[in-house]
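Here's the structure we're looking at; comments come further down.
The values are calculated or read from the model by the stated rules, or taken from the named source; none is laboratory data. Remember, predicted model here, so these are calculated numbers, not experimental data. Glycine also receives a Cβ, built like all others from the backbone with ideal geometry; neighbour counts cover every protein chain displayed.
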Amino acid sequence: MAQPKYTTHPGMVDILPDDARKWQYVEQLIHREAKIFNLEEIRTPIMEQTELIVRGLGQLTDIVSKEIFSFSRGDDHYVLRPELTAPVVRAYVEHHLEQRGGSQKLYYIGPMFRAERPQKGRQRQFHQFGIEVLGTDDAVADVEVIAFMIHIYNTIGITNTTLKLNSIGDPESRESYKKALKAHLKPNFESLSEVSKKRYDKNPLRILDSKEEEDQPFIESAPVITDYLSEGSIEHYRKVKQYLDDLKIPYEEDPYLVRGMDYYTETAFELISPDLGSQDALAGGGRYDLLVEEIGGQPTPAVGFAAGMERLMIACEELGITLGENKKVDVYIVTLGDQARKWGVKKLPELRNKGISATMDYKGRSMKAQMKDANRENARYTIIVGDNELTEGTFTFRDMAESEEHSLTFEQILARFTPAV
Ligand code: AMP
């Protein structure tokens, strides 16, 4: 085959029909389960103001410093959204969602954009689903968020996962930890990677997230944040663990787990799968009690997670999990001659109006070719129509799987599908 002239950009992926069916299945499952968890959907624009994302995520994060797709039109500076927590918080503040009363329990599904180096499980346009619960600092909310995340994977059949858990505390806890961490790193400052050197002063916690080889010995021997938590943070973390125990949700504590954005406080978590290879994080999240205020709202504690759809799909493939059904259509009308085609065109809507999926040949092909096409379309039934059938008013109704045929009127055919297809 000739090389196509136009192709997708690196890291941008077409979701073709055979995959889109699987995506639809997972999306419908998420919508259904979200309803059961009393979550409401929120949809925000693909583009946001650059300032929101820089402010929200933090100047020194990988995302903001290296991975943003941005452009300007006149004086307006846009980014393609790299994640949805900051945009959801923006919407919460902009539309005064707190006035709806209670905590806002929101979920979303949609595309995100990060200019990362593409590889398996890492794309430049990828998709996340996630939830954001705004307006409560109760540990119950943290655990509900985690429970929903795990519930989705379990419902799909991805059960071989590890929940990693940490607390990065309140600002006071982090301040005293930062001091201890810097004191630990200082004697080896010159041996740190260039990125970590840059982070040393402004955001030393992010050094713990470094993947650079030369940083690893210093990370492994670093003090742990859980030794520096304030009373309040210890208590919050204790409650989260208690509720997880009560729900029999297993977790592994990882005192070096820090997440990729600066807005996190207190609880931080990640869901890891051994079936994913090097990009092993299925999902991650945590509390962000200061973000709403940071971007101009009233102080509002909040917690959420984001999960990668592509990685969920990869895990399913690795585990041999079938998502949804193969393509199929209830009825294929096989027509012989012009009158039969006219009849077919008129009967398609009558079938569809009854919820019966239906199609017919678009090309005026031979009966043999149409039967072949019906098989390719995975039709459950064919209705075979020619001049004789039109005169007599009865049609050959063929069950394709059973290879069984009946001569029926159109009304009798419709009756076969009721009450349920
Ligand atoms: P984050 O928003 O960075 O916390 O990521 C949450 C989840 O989104 C990760 O655990 C991944 O499953 C997924 N994810 C993040 N970045 C990418 C990417 N570039 N390509 C595919 N999935 C991603």
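Among the residues making up the range 101-139, those that are charged (D, E, K, R) and out of contact with any Leu (no Cβ under 7 Å at 6 or more places or on another chain) are Arg114, Glu116, Arg117, Lys120, Arg122, Arg124, Asp137, Asp138.
Taking the options Leu229, Leu244, Leu185, Leu257, name whichever one is of a type outside the set (Lys, Arg), modelled with pLDDT under 95 and within 15 Å of Gly286 (Cβ to Cβ).
Values: Leu229 fails: modelled with pLDDT under 95; Leu244 fails: modelled with pLDDT under 95; Leu185 fails: within 15 Å of Gly286 (Cβ to Cβ).
Among Leu229, Leu244, Leu185, Leu257, only Leu257 is of a type outside the set (Lys, Arg), modelled with pLDDT under 95 and within 15 Å of Gly286 (Cβ to Cβ).
Comparison of Gly121, Gly135, Gly157 shows that the only residue that is at positive phi, at pLDDT below 95 and in the same structural domain as Pro45 (by TED's automatic domain parsing) is Gly121.
Do you know which of the residues in the range 6-43 that are of a type in the set (A, V, I, L, M) and not in a loop (DSSP other than H, G, I, E, B) is nearest to Tyr92 (Cα to Cα)? Only one residue fits best here, namely Ala34. Sub-6 Å Cβ pairs linking a first residue in the range 170-192 that is among the small types (Gly, Ala, Ser) to a second residue that is in a helix (DSSP H, G or I) and surrounded by 13 or more Cβ atoms within 10 Å (Cβ to Cβ), at least 6 apart or interchain, are Ser173/Tyr228; Ser173/Ser233; Ser176/Tyr228, ordered by first then second residue.
Selection within the range 246-286: residues that are surrounded by fewer than 23 Cβ atoms within 10 Å (Cβ to Cβ) and among the aromatic types (Phe, Trp, Tyr). The member of this set that is farthest from Arg311 (Cα to Cα) is Tyr256. Taking the range 283-377 as the region of interest, the helices (runs of 4 or more DSSP H) fully inside it that hold 3 or more residues being more than 19 Å from the chain's Cα centre (by Cα) are 291-294, 338-353, 367-376. Name the single residue, out of those in the range 54-85 being in a helix (DSSP H, G or I), more than 17 Å from Ala302 (Cβ to Cβ) and not polar (S, T, N, Q), that is modelled with the highest pLDDT. It comes out as Val54.
Kindly indicate which of Ile219, Ile207, Ile150 is farther than 24 Å from Leu291 by Cα and away from the ligand (no atom under 16 Å from the Cβ). Let's see the steps before the verdict.
Working: Ile207 fails: farther than 24 Å from Leu291 by Cα; Ile150 fails: away from the ligand (no atom under 16 Å from the Cβ).
Only one candidate qualifies: Ile219.
Assessment of the range 208-215 against the conditions (surrounded by 18 or more Cβ atoms within 10 Å (Cβ to Cβ), over 25 Å from the mean Cα position of the chain (by Cα) and at pLDDT 90 or above) yields at least one matching residue. In a residue-by-residue description of the range 350-360, the property of being of a type in the set (A, V, I, L, M), farther than 30 Å from Thr265 by Cα and surrounded by fewer than 20 Cβ atoms within 10 Å (Cβ to Cβ) applies to no position.
All but one of (1) closer than 22 Å to Thr159 by Cβ; (2) more than 10 Å from the ligand (Cβ to nearest atom) hold for Gly308, so report the exception by its number. Tallying (1) closer than 22 Å to Thr159 by Cβ; (2) more than 10 Å from the ligand (Cβ to nearest atom), Gly308 fails exactly one: (2).
Consider Tyr92 carefully, then state whether it is modelled with pLDDT of 95 or more, over 16 Å from the mean Cα position of the chain (by Cα) and buried (at least 21 other Cβ atoms within 10 Å of the Cβ).
On the way: modelled with pLDDT of 95 or more: yes; over 16 Å from the mean Cα position of the chain (by Cα): yes; buried (at least 21 other Cβ atoms within 10 Å of the Cβ): yes.
Yes.
One line per residue, one yes/no per condition, for (1) over 24 Å from Ala91 (Cα atoms); (2) within 14 Å of the ligand (Cβ to nearest atom):
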{"residue": "Met112", "(1), (2)": "no, yes"}
{"residue": "Ala115", "(1), (2)": "yes, yes"}
{"residue": "Arg122", "(1), (2)": "yes, yes"}
{"residue": "Asp137", "(1), (2)": "no, no"}
{"residue": "Thr162", "(1), (2)": "yes, yes"}
{"residue": "Pro171", "(1), (2)": "yes, no"}
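For the range 189-199, the candidate set comprises residues that are at pLDDT 90 or above and outside any loop (DSSP other than H, G, I, E, B); within that set, the residue that is surrounded by the most Cβ atoms within 10 Å (Cβ to Cβ) is Ser196.
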